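Structure first, then comments.
The values are calculated or read from the model by the stated rules, or taken from the named source; none is laboratory data. Keep in mind that what you see is a predicted model, and the values were worked out from it rather than measured. No Cβ is skipped: glycine too gets one built from the backbone with ideal geometry, and neighbour counts run over all protein chains shown. Quick note on the areas: whole protein, heavy atoms, side chains included, nothing else; ligands and nucleic acids left out. Shrake-Rupley method; radii C 1.70, N 1.55, O 1.52, S 1.80 Å.
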Amino acid sequence: MQWAQIEARTFWLVMASSFLLIAVWESLRPQRDLSIPGERRWSRHGLLLIVSSVISVAIYRIGPVVVAAAMVPSRFGLFHQIALPYALRFILTILLLDFVRYAIHWAEHHVPVLWRMHQVHHSDPDFDLSTGARVHPLEMVLMQGATLTAVALLAPPVAAVLVVELVTCFQVFFAHANVSMPAGLEKYLRRLVVTPQMHRVHHSEDAQEQSRNLSDIFPWWDHLFRTYLAAPATGDLGLVGMKGLQNTASLDLWFMLSQPFRRQVTQESSAQS
């Protein structure tokens with residue numbers, strides 16, 4: 001089986017199974033009640049995800065795993081220039097690609113033009129697993145382009161890139177899950193991965209707190225670059241979203257697609273904090 005088929009089949013399998021697993025978890029042990037019914041949120045965010053995915057695929061045609069496979073026989077790429085054991089290249093690939101996502105996320109909160117498209121994600125008036133699918137097409141194109149570029153420059157092990165893609169797919173839903181877990185478990189788990197409670201701080205309605213907890217998979221980047229925040233200033237994981245947009249209108253598909261081009265009616269950018 002070719003890498004393109006492996007990438008596509010495993011990605012959609014992990015996406016479907018992750019969504020179903022976390023959806024069941026949310027229904028059994030929700031952290032907070034939603035202001036808007038989950039079915040409506042899922043359908044609207046699902047439509048946005050389809051639009052964003054179609055546009056991204058139409059532009060790039062290939063995924064990170066295929067690019068990594070294409071780099072194997074090439075003489076170009078960082079890992080072709082440095083003699084490292086396979087295991088070390090594997091681990092470095094996972095860490096570096098996760099760091100790329102952290103760096104792009106940081107830029108989205110500090111560069112006004114990037115914030116305009118990323119605020120679509122933050123304008124969700126609720127916080128549940130479907131928030132992970134609330135990504136504007138321009139942002140998906142940016143993130144995919146950065147990932148493809150990083151893979152081409154690194155020439156990493158193909159299997160490591162596949163692992164990153166699958167873990168990221170799961171983590172997108174897990175980090176946004178509206179789930180309750182024992183405090184002791186959550187405290188331990190957030191040392192290793194970004195947890196829903198940690199990431200919910202990032203979705204606070206407070207503009208300054210939106211610039212914290214930017215990591216995607218591993219929380220270590222936030223600790224390293226001092227963007228980590230254990231809990232909101234109020235001490236309570238309360239209101240999320242953007243002030244002025246915490247209403248049902250923010251779930252309209254056209255609103256989400258056109259939001260980056262609208263005159264700003266709320267905080268201009270968490271980048272200004």
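Residues to consider are ARG101, ARG75, ARG41, ARG89; find the one that is charged (D, E, K, R), touching an Asp or Glu at 6+ places or on another chain (Cβ under 8 Å) and farther than 22 Å from ARG212 by Cα.
ARG41
Report, ordered by the first and then the second residue, all pairs with beta carbons closer than 6 Å, sequence separation of six or more or different chains, a first member in the stretch 72-101 that is charged (D, E, K, R), and a second member that is crowded, with 17+ Cβ neighbours inside 10 Å.
Here the result reads ARG89/PHE79; ARG89/PRO157; ASP98/ASP216; ASP98/ILE217; ASP98/PHE218; ARG101/ASP216, each pair linking the stretch 72-101 to a residue that is crowded, with 17+ Cβ neighbours inside 10 Å.
Please specify each residue of the stretch 54-71 satisfying the condition of being open to solvent by 30 Å² or more (accessible area, probe 1.4 Å), more than 15 Å from VAL161 (Cβ to Cβ) and in contact (Cβ under 8 Å) with a residue 40 or more places away in the chain.
ILE55, ILE59
Residues in the stretch 90-105: is at least one part of a helix (DSSP H, G or I) and acidic (Asp, Glu)?
Filtering the stretch 90-105 for residues part of a helix (DSSP H, G or I) gives 90-105.
Checking the rest, the ones that are also acidic (Asp, Glu) come to 98.
Checking the stretch 90-105: at least one residue is part of a helix (DSSP H, G or I) and acidic (Asp, Glu).
Among the residues of the stretch 192-221, what is the count of those that are at pLDDT below 95 and basic (Lys, Arg)?
Residues in the stretch 192-221 being at pLDDT below 95 and basic (Lys, Arg): 1 in total.
Starting from residues that are over 28 Å from VAL163 (Cβ atoms) and in a loop (DSSP other than H, G, I, E, B), keep the ones in the stretch 106-131 and report whichever is modelled with the lowest pLDDT.
Among those residues, the one meeting the criterion is PRO125.
Return a yes/no flag: does the stretch 35-53 have any residue that is part of a helix (DSSP H, G or I), open to solvent by 80 Å² or more (accessible area, probe 1.4 Å), of a type in the set (S, T, N, Q) and within 13 Å of LEU129 (Cα to Cα).
no
Residue by residue through the stretch 153-202, note down the ones that are in a helix (DSSP H, G or I), within 30 Å of PRO125 (Cβ to Cβ), among the small types (Gly, Ala, Ser) and open to solvent by less than 40 Å² (accessible area, probe 1.4 Å).
ALA175
Only one of ARG89, ARG75 is among the basic types (Lys, Arg) and either at pLDDT 95 or above or crowded, with 21+ Cβ neighbours inside 10 Å (or both). Can you tell me which?
ARG89
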